[in-house]
Amino acid sequence: MSNPLTRADVEHVAKLARLALSEEEVEQFTVQLGAILEHAADVAALDTSGVPPTSHPIPLSNVLRPDEVRPTLERDDVLAMAPAEEDGRFRVPRILGEET
């Protein structure tokens, strides 16, 4: 199959994308993008009428553990390890409303 993509096509796309391509890059991308479009045409030509749509090629199942209530650390113990604490919560530096 001949290359359906022309040099002018690549130059036009480069202009739309505001890319400055050298002559060598135009030649290289003409060949590479032509091969990609050829492959896409091959895939588009396949009969997929019997293939159901999928979101992932491999069937997935939920791999998360069950959500169960478990013992946690005491609030006072955690806050004792924090650099700063205020009103039973972590105190963090203010980041909004300050001018630099």
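Where a number appears in this text, it was derived from the coordinates with a stated rule and is not lab data. What you see is a predicted model, and the numbers here were worked out from it, not measured in a lab. Cβ placement follows ideal geometry from the backbone for every residue including glycine, while neighbour counts extend to all protein chains displayed.
Which of the residues belonging to the range 44-100 are in contact (Cβ under 8 Å) with a residue 12 or more places away in the chain and of a type in the set (Lys, Arg)? Give the steps one after another, and end with the answer.
Narrowing the range 44-100 to residues in contact (Cβ under 8 Å) with a residue 12 or more places away in the chain: 75, 88.
Across the range 44-100, the qualifying residue is only ARG75.
In the range 55-78, what residues are polar (S, T, N, Q) and farther than 30 Å from ARG91 by Cβ?
SER55, SER61, ASN62, listed by residue number.
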